[in-house]
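What follows is a single structure, written as structure tokens, with notes after it.
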Amino acid sequence: MNNIKVRFAPSPTGYMHIGNTRTAVFNCLLARKLGGCFMLRIDDTDVVRSKKEYEDALRDILQWLGIVWDEEARQSARMARYDEIVSKLKAEGRVYACYETAEELEIMRKRLMAKGLPPIYDRGALNLSRADIARYEAEGRRPHYRFKLEPGVIEWDDMVRGHCRYDAANLADPVIIREDGSYLYHLPSVIDDADFGITHIIRGEDHVTNTASQVQMFAALGAPLPVFAHLPLLTGREGKLSKRLGSLGVRELRAEGVEAMAIVSFLAKLGTSEAIEPFYDWETLAQTLDLNKLGRAQPKFDEEELKTFNTRYIRQMPYEKTAGRTGVDKDFFDAVKGNLTVLADIEEWKNICHQKVKPVIEDKPLTDLAAALLPPEPWTAETFNLWLAEVRAQSGKKGKELFHPLRKALTAAENGPELKTLLPLIGRARAYARLLGQEA
Ligand code: GLU
């Protein structure tokens, strides 16, 4: 392994959805393409909203998707390290205490907005005297802390957005510690990225402004700046990705029969200049990763499109990739896969071929004749055509009039794989009985 290292850093405050799955997919693809290390970082600084149940579900989905992590870390276990860095930054004047209440901040924000100014914190806390602080403390106010941005231009080269440039004067000093002493996401994330040697950060473009402040945090820690890639956020059909779609659970998709690699293939190419094609393994897909092919526009995500793609994925699926999940052999799978919508549909065809079926007799003279003409086994590749030619010749029926009654008698189903492929799977004994109208 080289020194390339990425991380996926979910907050265990909900289930995996299509948005954070996409972030995980891109990180994993980059690690695999570059032969780097993939870290799972559990961002559980929010002790109230973080739940073990969510974390377990998250790991389960990642494993199901085939996302393997080489290392893992948990923020709640690193508080002492964050405290250590914060003391240092406080001593350097980069972290400072503020005593405004949420209401006071809101009033300040509204006042600035009313004047048409950006709602940037005025750093009033830096001018507090010892007496002011003593008074606040006596009132029972607890400080929250901000990271002090230095004036100047903040720049980085983004793998998706190109050169990014922010004037620090247009950014508010981010709050990094809440009144109750708990950490917000920004600083711990940078401390972790620095300590764990993260080289590439791929995440949603909703983090771009955080990145601007975080660029200065990396510098304050004396850490090298990782390479950033901010993915355009997904949108729904009507514009913004609705809450329902944004939080569309991967567990639900899985339960509905959407294949893991179908989701991965779909998300990897959505919003790129490449067509969405089925990939049956991570390695092959990873070799095609090119973040330059990702557009700046927000791609539309359509659940129905994913499901349609899933059907295509299954119909093109090589037998070896079913990994024994179907309980049938290659011939059987290849015979019926063109009729599957989800892999579990194979059960229906297993039942039709291997379990009792109550035949539907639509044209008794025709199906009786077909039974009488059914050749003895063993059958060869030619048997079906020879048999059918004979049934056609003797009944005078052709096309739908010939095929439909045969299909209904043999399978009781309206549609399905070609009878030619199905008949050998059903076998002579069952076929014969069913043609005669007997349940078999
Ligand atoms: N826990 C953060 C989130 O889920 C991580 C963001 C990041 O990748 O830095 O949004």
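Bear in mind that the values in this text are calculations on the coordinates, not laboratory data. What you see is a predicted model, and the numbers here were worked out from it, not measured in a lab. Neighbour counts run over all protein chains shown; Cβ positions are idealised from the backbone, glycine included.
Taking amide H positions as modeled 1.01 Å from N, with prolines and chain starts lacking one, the residues under 5 Å from D158 and 5 or more places away or on another chain are H163, C164. Computed across region 165-211, the Kirkwood radius stands at 12.4 Å (inverse of mean 1/r, all Cα pairs). First obtain the Kirkwood hydrodynamic radius of region 244-400 from its Cα pairs, then insert it into the Stokes-Einstein equation at 25 °C and 0.890 mPa s, and state the resulting D in µm² per second as a whole number. Translational D for this selection: 127 µm²/s. Relative to the compact-globule estimate of 2.2 N^0.38 Å, the Cα radius of gyration of region 131-248 comes out at 1.29. So what's the angle, to the nearest 10 degrees on a 0 to 90 scale, between helix 102-114 and the longest Cα principal axis of the chain? Result, in degrees: 90. Here the Karplus relation 6.51 cos²θ - 1.76 cosθ + 1.60, evaluated at θ = phi - 60°, turns the backbone of region 143-159 into coupling constants of x, 10, 10, 10, 8, 8, 7, 8, x, x, 8, 10, 9, 7, 9, 9, 5 Hz, with x for every Gly and Pro. Packing order of peptides 363-373, 12-22, highest average first: 12-22, 363-373 (average count of other Cβ atoms within 10 Å over each peptide's residues). For the peptides 407-413, 32-38, 128-134, the ranking by packing is 407-413, 32-38, 128-134, with the highest mean count of neighbouring Cβ atoms within 10 Å listed first. Scanning residues 5 or more positions from I176 or on other chains, those with amide H under 5 Å from its amide H are Y145, R146, F147, with H placed 1.01 Å from N in the peptide plane. Three semi-axes describe the equivalent ellipsoid of region 281-325; taken as square roots of 5 times the Cα gyration tensor eigenvalues and ordered largest first, they are 25, 18, 7 Å. Rg ratio for region 39-94: its Cα radius of gyration over 2.2 N^0.38 Å, N being its residue count, equals 1.48. Taking the Cα atoms of the chain, the ratio Rg/Rh between the radius of gyration and the Kirkwood radius comes to 1.18. The chymotrypsin sites (Phe, Trp or Tyr not before Pro) of region 134-195 include none that meets both conditions, a loop assignment by DSSP and at most 16 other Cβ atoms within 10 Å of the site Cβ. Relative to the longest principal axis of the Cα atoms of the chain, the long axis of helix 208-221 lies at roughly 50 degrees. Here region 172-331 is treated as a sphere whose radius is the Kirkwood value from Cα pairs; by Stokes-Einstein at 4 °C and 1.567 mPa s it diffuses with a coefficient of 70 µm²/s. Taking the convex hull of the alpha carbon positions in region 264-304 and averaging its projected area over all directions gives 3.1 nm².
Kirkwood's formula applied to the C-alpha pairs of region 1-122 gives a hydrodynamic radius of 17.5 angstrom.
One way to sum up the overall shape of region 74-169 is the equivalent ellipsoid from its Cα gyration tensor, whose semi-axes run 27, 23, 13 Å, largest first.
Distance between Cα centroids, region 282-314 to region 94-147: provide it in whole Å. Between the Cα centres of region 282-314 and region 94-147 lies a distance of 46 Å. Cα-based values for region 110-160, radius of gyration first and Dmax second, are 16.5, 50 Å.
Sparsely packed loop sites in region 262-336 (the GluC sites (Glu not before Pro) outside DSSP H, G, I, E and B with at most 16 other Cβ atoms within 10 Å) comprise E274. Applying both filters, DSSP loop and at most 13 other Cβ atoms within 10 Å, to the GluC sites (Glu not before Pro) of region 57-95 gives E92. Relative to the longest principal axis of the chain, what angle (0 to 90°, nearest 10) does the C-alpha long axis of helix 79-91 take? So the inclination is approximately 30 degrees.
Label positions at E71 and E418, each projected 7 Å from the Cα along the C-beta direction, are separated by 5.5 nm. Scalar couplings 3J(HN,Hα) for region 289-299, obtained by applying the Karplus form with A = 6.51, B = -1.76, C = 1.60 to θ = phi - 60°, are 5, 8, 5, 5, 7, 7, x, 7, 5, 7, x Hz; x denotes Gly and Pro.
Based on the Kirkwood approach, the hydrodynamic radius assigned to region 353-440 is 12.6 Å, with every pair of different Cα atoms included.
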